[in-house]
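Presented below is the structure to which this report refers.
Throughout, read-outs are computed from the coordinates displayed, never taken from laboratory work. All figures in this text were calculated on a predicted structure; none of them were measured in a lab. Backbone-built Cβ (ideal geometry, glycine too); neighbour counts: all protein chains shown.
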Amino acid sequence: MSLSAGIPVIPLFLAAVLIVGPAFSQSRGGAGSIGPAGMGATTPNQSTLSVSTTWQLSGRVTFEDGTVPTQPVYVESVCNGIPRKEAKIDPQGGFSFRLGRGSGDSVMNAENAADHLGAGAVTSANECVIRASLPGFTSDRISLVGHEEHHPDLGTIMLHKNGEGSADSATSKQAPKDARKAFDKASQAAKARKFDEAAKDYQTAVSLFPGYAEAWYQLGQAQIALKQTGEARKSLNAAIQADEKYITPYLQLADLEMSAQNWNAVVDVTGRMLKLAPAGYPQAYLMNGMASYQLHDADGAEKSARAGLQIDRSNQAPKLYQVLASVLLVHGDYAGAATQLKKYLEVAPTAQDASMVRAQIAQLEARAGGPAKQ
């Protein structure tokens, strides 16, 4: 269905739905930012929280059917776009760790040392998400934005059988020693927030090995921090070209296009990403739905919103309810739109736009002739 005929909307409603950039904040600080898949997780409260290596986190990992993996599964933090193994799940699927502290596991220590990630403190929860890692599966991603330090339980992280996509690039293992050395040097500079130095060394890495997808992605991250948007776009596209199954740069690139309001590009990038990994990335469905709505494609927006809500068991992208509400409003379904907004407030009661959404619900219910049924 096209939206060209006009939308009988309440003006404030659009203001709530059309939130780009900060709504997808994840791996890097600042407004309008997103991380590897990013996703970027969307959260109702974008306030920055200071965290340290004393922050204890716990939870459980299962497959979609509730069963516990019998294979070794590691729980990772992704801070500033850099993954770090933090804990190995126990036979019941449980895990517990102190953020950035690591453990005595030899595999974890070896891999973290190889990546030169260190055990330094994380300075902002805006920059961190928690995920599980198992080849062939896509993990839910739990953002630490808005997470209370005194409530360490992250809940259940689900693993979803994915298509061909992967959160890591196979090209990293193919990188020659000198390219890897430049990459590691750049990563150290990026951790120290010396993005000029990082960009130069990442550029060296991709010059030595043009197929180095992870280095292209991290170069794009550094360029974003330097506000070199055009160059970052080129680097992220180069990462995808180097390894089209590498999911991480798709989400970052989509966020870049969201910030620029390049709606067709957002639909294209997220569409390609979701074909590779249809589960585990509700933020991609959110961006796709929002962009489709902006392109007057109500059917596309509804399809994305419903698909995203179906997989979003951890409520990572609550604004999917707002996208769906906007589509229902196009159809003149005021009661249905109010119901979706109520669901939004159920999962995001402290959202910054909560008071505005409550006012919208009241107006919608008045037009519908009574309170919406849940």
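In whole Å, how far is the Cα centre of region 296-339 from that of region 160-203?
36 Å
At a 10 angstrom cut-off on C-beta neighbours, averaged per residue, how do the peptides 279-288, 329-338 rank from highest to lowest?
Top of the packing list down: 279-288, 329-338.
Would you mind checking the pairs LYS191/LYS319; LYS185/LYS234; LYS200/LYS234; LYS194/LYS275; LYS194/LYS227; LYS85/LYS181 and listing those with alpha carbons more than 25 angstrom apart?
LYS191/LYS319; LYS194/LYS275
What is the calculated FRET efficiency for GLU64 to ALA362, with r their C-beta to C-beta distance and R₀ = 30 Å, to the nearest 0.05?
0.20
Compare the peptides 165-172, 60-67 by average per-residue count of other Cβ atoms within 10 angstrom and give them in order, highest first.
165-172, 60-67
Highest mean first, how do 251-258, 291-298 rank when packing is the count of other Cβ atoms within 10 Å averaged over residues?
Taking the mean over residues of other Cβ atoms within 10 Å, the ranking is 251-258, 291-298.
Using 1/(1 + (r/R0)^6) with R0 = 41 angstrom and r between the beta carbons of THR350 and GLN241, what's the FRET efficiency to the nearest 0.05?
The pair THR350/GLN241 has a calculated efficiency of 0.50.
For a test of the definition: using alpha carbon positions, the gyration tensor, and the 1.5 limit on a/c, classify region 168-243 as rounded, prolate or oblate.
oblate
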